[in-house]
Amino acid sequence: MGKKDTYDDLPLRVDLRAKKKGEPAVSLRRGGAKPKRLSNLKPSRIGPIRGVSAPATRTPERLGSRRVVVKARVIKMTAYGVGAAKLHLRYLDREGTGQGAEREGFFDREGEGIQRQEVDAIREGEPHQFRLIVSPEDAERLDLKDYTRKLMGQVESDLGRKLDWKAINHYNTDNPHTHIVIHGLDQKGEEVFIDREYISNGIRHRAAELATQELGHRLEHEIRDSIQKEIKAKSFTRADRELIQQSQDNRITFDVAGDTPAARLQRSRLLGRLQELERFGYAEKVAGQQWRLADHLPDKLKQLGQYDEAMTRLKRAEQQLGYPANGYRLHDSAIGNPLEGVVLDRGLSDEMSERGYLILGSRDGVLHQVPVSNLSQEETKVGQVIRVQVLEEKSVKAADWNIAGYAAAHDGIYHAESHATWAIEAGKITPAQQESYLHAHQLRLNTLSNLGVVKSIEGNRWQIPEDLPDQVQALAQQDNRTTRTVFVAQHQLPIDTQVTYRGRTWLDEHYHELIEDGRPQGVAIKLRNAAALRAQWLTGQGLEAGTQASRSALDDMERQTLAAQVRQKTGLPFRPLAAGESMQGKVLGVVDVPSNRRYAVVANSKEFSMVPWKQEPLPPKGMNMAIGINPQGRAWSKQIQKGIAR
């Protein structure tokens, strides 16, 4: 499996012991080496971590302090990392996450309304970025922008440098929270290092300390409410972790409570949690004050939490749909038979890893939850009709054969730029395709490197084994990575928008079966009502629903709309091509329209035209091309080079 970007593989130990006066706040040790002062350490030698003062990481939480959850992730700025970072930012900046209808927008220490493009920018020489999620327990009572600015000011004070950071608040969950992006270079252009212990505990302590300053210590009833919530939680909690730490061979014995209020409260908290675990079937009372915990308790509680969250989502989707469901179904990544339905909800089950879910309503009235491995890369929209299916995965990609073939001819060494130049000279790609060709092969090399199949060497070169395709195939079979789940939109527009769309829709294709479907449950009712409204709209356009004539007329409407957009952009008149006609020009582009059709647009100095396009790869912009319609009404196209069509 591919390695994830974590702190765990960095060969460094952090010494957080108290220092004598005049010594640096923290020293870093590598193996058994003697401590060095931070000023003597070269950033290139220690990876993306750096020590900070012990008080920031070792001060215990006091009873009554506000609680804050902090999650962190480091992204290395490889070719793959850059792409993943930008996709993540795009997802963070999506609509529907702010307090109002508008996007919330990024902010920093001084400004607000910062555009995502500014956050997207990767600084020259930036080796990595840090991504944080800060979620105070009482976030709804805080001014999150002011709170985040104060928190980051404290972090900068701990690290002893001014950071380049941006943040965005999200209010679309039960717990409002803040996403923070910290660049790997500070404002002076120096590399940023953050200690793993500080990431794990220090920032959380600072955040809790600040929340306590802003809101005051929790009152007695707030503490008891929080404890009761933790006791009843259908998830793995801090109380569970404490029980496991105090147990031996899954057995735990409770002694008489201490004589302090805090000790009695702690015993009551843990005992209450044990009784709740017993109700779940995850603990049992053996004798007296002795209890036995279930094996693999963290995993079981995690599964219980995931199930509870899934059922909450499904019931919420049913309520928003407004029609009763005919049951619920939870799917894992191996979804089985293809599934078609309307997207009723989508969201993240884990905002740090971007793992997500889709809630689909199928026409039999059942509501489904389907997992999505990376929601920021999945373009489905609420209201769309999509098809979910599992496809056989080709473990050995075309890029693998390309890389192996080039390396075999160059002593087992691969160089991407030289390969792209060779591909142009061989006529495999055009100069306009060079950038995308390079990017695709660089992404694949990063994947192969994470799998341990290829090795990066200096000068952006790679050492490639002779049997690269065989090794990739063997790894795929070993990890059982022979299939993948795909989500295919049956129409780009949501059902409600399809009712009045000037073009062919999924409702038009399935009109008769939708109208005749009399099932009184869930999505079947929604689709039947939408089909009836579509028929009314078509009648107003002089068309009859469910006929081939109406679908052809709708195709013409969609082409005319696209032609008007191109005409407005280019200033050229549109020339529709009749049977037997053709024209020559340069490719302006290939355009996807909501009906899932694709058109190649070609223009010369006088006019432009278009034809349906189904081929791969897409023709690059500027390519000389002839297009036309044959006497039988079928579109054709030919690339033109040096005045000769071929």
*Is there any pair with a first residue in region 449-470 that is under 16 Å from H410 (Cβ atoms) and a second that is of a type in the set (A, V, I, L, M) and open to solvent by 70 Å² or more (accessible area, probe 1.4 Å) whose Cβ atoms are under 7 Å apart and which are 6 or more apart or on different chains, and what are they?*
E466/A408
*Collect the residues in region 323-346 that are in contact (Cβ under 8 Å) with a residue 60 or more places away in the chain and of a type in the set (G, A, S), keeping them in residue-number order.*
A325, S333, A334, G341
*Hey, can you tell me all the residues within region 552-573 that are part of a loop (DSSP other than H, G, I, E, B) and either of a type in the set (V, I, T) or surrounded by 12 or more Cβ atoms within 10 Å (Cβ to Cβ) (or both)?*
L572
*Looking only at residues in region 290-302 that are of a type outside the set (G, A, S) and surrounded by 13 or more Cβ atoms within 10 Å (Cβ to Cβ), which one is farthest from R251 (Cα to Cα)?*
K302
*Could you tell me whether any residue of region 197-212 is charged (D, E, K, R), on the phi < 0 side of the Ramachandran plot and not in a helix (DSSP H, G or I)?*
no
*Within region 231-254, can you find the residues that are part of a loop (DSSP other than H, G, I, E, B) and over 15 Å from D295 (Cα atoms)?*
A233, K234, S235, T237, F254
*asked:* Please pick out the residue among L274, L360 that is crowded, with 18+ Cβ neighbours inside 10 Å and more than 30 Å from T97 (Cβ to Cβ).
replied: L274
*asked:* Against the definition (under 30 Å from R598 (Cα atoms), more than 30 Å from the chain's Cα centre (by Cα) and not aromatic (F, W, Y)), how does E466 come out, yes or no?
replied: no
_Members of region 279-306 found to be free of Cβ contacts under 8 Å to residues at least 24 places away in the same chain and aromatic (F, W, Y), listed by number_ = Y282
*Do we have G281 as at positive phi, among the small types (G, A, S) and touching a strand residue (DSSP E or B) at 6+ places or on another chain (Cβ under 9 Å) here?*
no
*Looking only at region 455-475, which residues are farther than 18 Å from S418 by Cβ and surrounded by 13 or more Cβ atoms within 10 Å (Cβ to Cβ)?*
P465, P469, Q471, V472, Q473, A474, L475
*What are the residue pairs meeting all of these: first residue in region 134-145, first residue at pLDDT below 90, second residue open to solvent by less than 20 Å² (accessible area, probe 1.4 Å) and hydrophobic (A, V, I, L, M, F, W, C), Cβ atoms under 8 Å, and 6 or more apart or on different chains?*
E137/V68; E137/A211; D138/A211
*Would region 308-316 turn up any residue that is open to solvent by 40 Å² or more (accessible area, probe 1.4 Å), touching a Phe, Trp or Tyr at 6+ places or on another chain (Cβ under 9 Å), assigned to a helix (DSSP H, G or I) and touching a residue at least 60 places away in the same chain (Cβ under 8 Å)?*
no
*Pair list, Cβ under 6 Å, 6 or more apart: region 415-428 residue over 18 Å from K455 (Cβ atoms) and touching a residue at least 24 places away in the same chain (Cβ under 8 Å), other residue in a helix (DSSP H, G or I) and open to solvent by less than 50 Å² (accessible area, probe 1.4 Å)*: none
*Does M610 fit the bill of being closer than 23 Å to L554 by Cβ, part of a strand (DSSP E or B) and out of contact with any helix residue (DSSP H, G or I) (no Cβ under 6 Å at 6 or more places or on another chain)?*
yes
*Of the conditions (1) aliphatic (A, V, I, L, M); (2) within 30 Å of D345 (Cα to Cα); (3) open to solvent by 40 Å² or more (accessible area, probe 1.4 Å); (4) modelled with pLDDT under 95, A578 clears all except one; give me its number.*
(2)
_Residue under question is Q248, and the condition is that it be surrounded by 11 or more Cβ atoms within 10 Å (Cβ to Cβ), out of contact with any strand residue (DSSP E or B) (no Cβ under 7 Å at 6 or more places or on another chain) and at pLDDT 90 or above; does it hold?_
no
*asked:* Filter region 213-230 down to the residues that are over 27 Å from T312 (Cβ atoms) and either open to solvent by less than 90 Å² (accessible area, probe 1.4 Å) or not in a helix (DSSP H, G or I) (or both) and list them by number.
replied: E214, L215, G216, H217, L219
*Specify which of the listed residues (E118, E23, E95, E61) is charged (D, E, K, R), open to solvent by 20 Å² or more (accessible area, probe 1.4 Å) and modelled with pLDDT of 75 or more.*
E118
*Identify the residue in region 137-176 that is out of contact with any Pro (no Cβ under 8 Å at 6 or more places or on another chain) and in a strand (DSSP E or B) and, among all such residues, is most open to solvent (accessible area, probe 1.4 Å).*
K166
*strands (runs of 3 or more DSSP E) (entirely within region 394-467) containing at least 2 residues that are farther than 19 Å from M77 by Cα and out of contact with any Ser or Thr (no Cβ under 8 Å at 6 or more places or on another chain)*: 413-415
*In region 50-57, is there at least one residue being at pLDDT 80 or above, part of a loop (DSSP other than H, G, I, E, B) and among the hydrophobic types (A, V, I, L, M, F, W, C)?*
no
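The values are calculated or read from the model by the stated rules, or taken from the named source; none is laboratory data. Because the structure is a prediction, the values reported are computed rather than measured. Note: ideal-geometry Cβ built from the backbone for every residue, glycine included; neighbour counts use all protein chains shown. Areas reflect the complete protein model, heavy atoms only, side chains present, ligands, DNA and RNA absent. Shrake-Rupley method; radii C 1.70, N 1.55, O 1.52, S 1.80 Å.
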